[in-house]
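Report on one structure; see the data block that follows.
Throughout, read-outs are computed from the coordinates displayed, never taken from laboratory work. Quantities reported herein were computed from a predicted structural model and do not represent experimental measurements. Cβ: placed from backbone, ideal geometry, glycine included. Neighbour counts: every protein chain shown.
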Amino acid sequence: MVKTPDALLKELKAGKYAPVYFLHGEETYHIDNLTDYIEKNALSPAEQGFNQVMLYGRDTDIHSILNQARRFPMMASRQVVIVKELQQMQDWGKAEAQELLRHYLEKPQPTTVLVLNYKYKSIAKNTKVYKALDKHAVVVESRKIYDNQVGSWVTTYLNERNFKIEPAALALLVEAIGADLGKLHQELDKLLLNQDSQQAITAAIIEKNVGISRDFNVFEFQKALAEKNALKIEQIIRYWAANPKKQPLIPTISLLYNFFAKTLVAYDQKDRSDTALSNALKVNPYFLKDYKLMMRNYSMGKMLKVIEFLRQADLQSKGVIPGGHSEADILRELSVKMLSL
């Protein structure tokens, strides 16, 4: 039976456990979150010592997993067997292993809670093993969310904990971290440790606690490029050169590429109202001013050249083609090319 992550978590919190769970998909956050809840709550601390087994795909095989699953609990009503990184199990792709799992699914040990984690991708739904899982187990597919869904996820996450966030702060957080739910969860939990629930989270709080410098972050750099502010560009490059861990080059180029690529999308929009552009670019309206500034200072033809400059910088950063001697040199070369357009 297929369930959503939220639906399953609600059942678990109500104390309802099934004999087999299969958690799979690209987004690891829900897989880890659900597994962590079962690990900590399916058994009492006293029961866990004898009745909770943790296995890892790279170190086990299907026979070991099923032998553990068929054991009876000791002085408890159930046992828990958790298999992490099932996709690394060498015999997972073999017909024999999947056939053995199918037979177990048809008649699972009722006093065992077997949790199978298959991370970073989803298994094919037209296979015999998936159909058996769908019929006899609880299946959760953890899909990556789209960029335009991240803001809603963050808002919901905070509301459930009685916290509020200002639109500018939300936009800054989402733009900085993106759709990585695991990283968002980590940053939000760290942020809330010292946050008063009576005070809304502001952009200044995000900048201070998430490690985004107000004056020298990648968003200020792309804004300086957009407005062709040579002085600000050089100030930021020097700051990054002195603090290389603040803004590594390869992810910086990736973020810049996303910004300029979205600007290209904006050129194609007949309706350039804030609402239409926000929907087309899948960005918070708070950041639209930067895209509009770029469009004023760079024609579409120039923007295509910028994309090519970024590709060259990316290859230089990875050592594929010769370039500057340092990350700062590569950024300076990129900036000079753009400013000359």
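Could you tell me what a quarter of the Cα convex hull surface of the range 218-339 works out to, in nm² with one decimal place?
The Cα convex hull of the range 218-339, projected and averaged over all directions, gives 7.2 nm².
What is the extension gain from residue 33 to residue 146, computed as 0.36 nm multiplied by their sequence separation minus the C-alpha to C-alpha distance, in nm to one decimal? Please report the intermediate quantities before stating the final value.
Details: separation 113, 0.36 × 113 = 40.68 nm, distance 1.95 nm.
Result: 38.7 nm gained on full extension.
In nm, to one decimal, how far is the residue 121 label point from the residue 245 one, both placed 7 Å along Cα→Cβ?
Inter-label distance under the simple model: 3.5 nm.
Evaluate Rg over Rh across the range 147-209, taking Cα atoms for both radii and Kirkwood's formula for Rh.
0.90
Kindly write out, for the range 110-121 in residue order, the coupling ³J(HN,Hα) from the Karplus curve 6.51 cos²θ - 1.76 cosθ + 1.60 (θ = phi - 60°), rounded to whole Hz, with x marking Gly and Pro.
x, 9, 10, 10, 9, 10, 10, 9, 10, 9, 6, 6
Calculate the translational D of the chain in whole µm² s⁻¹ from Stokes-Einstein, where the hydrodynamic radius comes from the Kirkwood formula applied to all Cα pairs, the temperature is 4 °C and the viscosity 1.567 mPa s.
56 µm²/s
Fewest Cβ neighbours within 10 Å first, please rank 189, 32 accordingly.
Working: 189 11, 32 18.
So the ranking, lowest neighbour count to highest, is 189, 32.
How would 145, 177, 201 line up from fewest to most surrounding beta-carbon atoms within 10 angstrom?
Ascending Cβ contact count within 10 Å gives the list 145, 177, 201.
I'd like the antiparallel share, as a percent to the nearest 5, of DSSP beta bridges with both residues in the chain.
On the way: 1 of 24 bridges.
Antiparallel bridges: around 5 percent, rounded to the nearest 5.
Starting from the Cα of residue 318, step 7 Å along the direction of its Cβ; do the same at residue 6; then give the gap between the two resulting points in nm.
3.7 nm
For a quick check: with amide H placed at 1.01 Å from N, whose amide H comes under 5 Å from residue 80's, ignoring anything fewer than 5 positions away on the same chain?
Here 52, 53, 113 satisfy the definition.
Please express the shape of the range 2-141 as an equivalent ellipsoid: the semi-axes are the square roots of 5 times the eigenvalues of the C-alpha gyration tensor, given largest first in whole angstrom.
Value: 21, 18, 14 Å, ordered largest first.
Once amide H atoms are placed 1.01 Å from N in the peptide plane, what residues at a sequence separation of 5 or more from residue 119, or on another chain, have their amide H within under 5 Å of its amide H?
Amide H to amide H, under 5 Å and 5 or more residues apart or across chains, residue 119 pairs with 85, 86, 87.
If you place +1 on the Cβ of every Lys and Arg and -1 on the Cβ of every Asp and Glu, how big does the dipole about the Cα centre of the chain come out, in debye to the nearest 20?
It works out to roughly 440 debye.
Which whole-Hz ³J(HN,Hα) couplings does the range 250-265 yield from phi under the Karplus relation 6.51 cos²θ - 1.76 cosθ + 1.60, θ = phi - 60°, glycine and proline marked x?
Computed from phi, the couplings for the range 250-265 are 4, x, 5, 5, 4, 5, 5, 4, 4, 5, 6, 5, 5, 5, 4, 4 Hz.
Per residue of the range 220-225, what does 6.51 cos²θ - 1.76 cosθ + 1.60 with θ = phi - 60° give for ³J(HN,Hα)? Whole Hz please, x for Gly and Pro, Karplus curve as stated.
5, 5, 5, 5, 5, 5
Grab the beta carbon distance between residue 202 and residue 54, set R0 = 35 Å, and tell me the FRET efficiency rounded to 0.05.
Using R0 = 35 Å, I get an efficiency of 0.30.
If you rank 127, 263 by fewest surrounding Cβ atoms within 10 Å, what's the result?
Ascending number of Cβ neighbours within 10 Å: 127, 263.
Rank 258, 275, 306 by how far each Cα sits towards the positive end of the charge dipole of the range 218-339 (+1 on Lys, Arg Cβ; -1 on Asp, Glu Cβ) and give me just the farthest.
Farthest towards the positive pole: 275.
Across the Cα atoms of the range 108-234, what radius of gyration and what greatest pairwise Cα-Cα distance (Dmax) are found, in Å?
Every Cα atom of the range 108-234 included, Rg and Dmax give 20.6, 69 Å.
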